[in-house]
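*Asks:* Structure below; questions to follow.
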Amino acid sequence: QKPQEALPILLLVSSENETGKSTFFYFLKDLFGANMAVVANADLHNDFNAHWASKLIVGCEETFLDKKTVVEKVKGLSTGRKMMKNQKGKDQKEVDVFMKFFFCSNNERNVLQMSKEDTRYFVVKVPKVKGEKIHDLSDKLKEEIPAFLHKLKKRKLSVPKKEGRMWFKFERYATE
């Protein structure tokens, strides 16, 4: 309902398989369609960003950001208002930034460099899905998209006013 507001960088982690991280990742792609870019780690390292610079959701499935410069770039984009869109063979162009980052990783401890003081990250350790086959769940989620969108459109926000830099007070999404 408020796409221009900054949200925490969502990071789903688990060393286990069959947790639904990838299923949720591709559910978001089905939900947001062309308004979500699926990027690889190399895309975040690269200067050329035209294919994801103007998207609302930027997702990287097997995230491992080991360079501080890339981590700082992502942090800056998560709270920034403008960025330079860089397309091969064309002049750079300044564009508005509303992107929300979504990362998944099997690496629970070293997926990216972050300090305990950084309030930009919402890290969730995902448990294994029980009683449901992940490949079946994906099809079921896709079928439910129209009803899910209807519910989202009609519901009242649980946090109707901005509480902090990343919309919520950090205490709402702080994890171990």
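*Asks:* How large is log10 I(q)/I(0) at q = 0.18 Å⁻¹ when the Debye formula is applied to the Cα atoms of region 23-176, each weighted equally and without solvent?
*Replies:* Values, matching the q order: -1.38.
*Asks:* Would you mind calculating the gained length between L31 and E117 on full extension (0.36 nm times residue separation, minus the Cα-Cα distance), in nm to one decimal?
*Replies:* Here the answer is 27.7 nm.
*Asks:* Could you identify which residue out of S158, S105, S15 has the top mean-square fluctuation in a GNM of the chain using Cα springs shorter than 10 Å?
*Replies:* Maximum among the listed residues: S158.
*Asks:* Sticking with this one: With a point put 7 Å past each Cα toward its Cβ, work out how far N46 is from E143 in nm, to one decimal.
*Replies:* 3.7 nm
*Asks:* Taking R0 as 41 Å, what's the FRET efficiency between T175 and M84 from their Cβ-Cβ distance, rounded to 0.05?
*Replies:* 0.80
*Asks:* A further question on this structure: Given axes a ≥ b ≥ c from the Cα gyration tensor, I'd like to know whether region 116-162 is rounded (a/c under 1.5), prolate (a/b larger than b/c) or oblate.
*Replies:* oblate
*Asks:* So, in nm, how far is label K130 from label K151 when the simple model puts each one 7 Å beyond its Cα toward the Cβ?
*Replies:* Taking the simple label geometry, K130 and K151 are separated by 2.2 nm.
*Asks:* Any lysines with Cα under 25 Å of the K85 Cα? List them, leaving off those in the same chain fewer than 8 positions away.
*Replies:* K2, K29, K55, K67, K68, K73, K75, K93, K100
*Asks:* Something else: With a ≥ b ≥ c the root eigenvalues of the C-alpha gyration tensor of region 1-91, is it rounded (a/c under 1.5), prolate (a/b larger than b/c) or oblate?
*Replies:* Verdict is prolate for region 1-91.
*Asks:* Considering only protein heavy atoms and a 1.4 Å probe, what is the carbon-and-sulfur percentage of the accessible area of the chain?
*Replies:* Carbon and sulfur: 51 percent of the exposed surface of the chain.
*Asks:* Accessible area per residue for the chain in Å², computed with a 1.4 Å probe and the full protein assembly in place, what is it?
*Replies:* 64 Å²
*Asks:* Moving to a separate point now. Using the Cα centre of the chain as the reference point, and only Cβ charges (+1 on K/R, -1 on D/E), how large is the resulting charge dipole? Debye, rounded to the nearest 20.
*Replies:* For the chain, the charge dipole is close to 800 debye.
*Asks:* Next up: Would you mind counting up the charge near E94? Only other residues with Cβ under 14 Å from its Cβ, with Lys and Arg at +1 and Asp and Glu at -1.
*Replies:* Charge balance near E94 sits at +3.
*Asks:* Where the centre of each part is set by its Cα atoms, how far does region 42-71 sit from region 98-174, in angstrom?
*Replies:* Value for the Cα centre distance between the two parts: 18 Å.
*Asks:* Then there's this: Which of the listed residues, S158, V58, L112, is farthest toward the dipole's positive end in the chain, when Lys, Arg count +1 and Asp, Glu count -1 at the beta-carbon?
*Replies:* The Cα lying farthest towards the positive end belongs to S158.
*Asks:* Report the net charge of residues surrounding V111, where surrounding means a beta-carbon distance below 11 angstrom and charges are Lys +1, Arg +1, Asp -1, Glu -1.
*Replies:* Neighbour charge sum, excluding V111 itself: -2.
The values are calculated or read from the model by the stated rules, or taken from the named source; none is laboratory data. Predicted model only: the values in this text are computed from it and were never measured. Here the Cβ is made from the backbone with ideal geometry for all residues, glycine too, and neighbour counts use every protein chain on show. Side chains included, ligands, DNA and RNA excluded: accessible areas come from the protein's heavy atoms. Shrake-Rupley method; radii C 1.70, N 1.55, O 1.52, S 1.80 Å.
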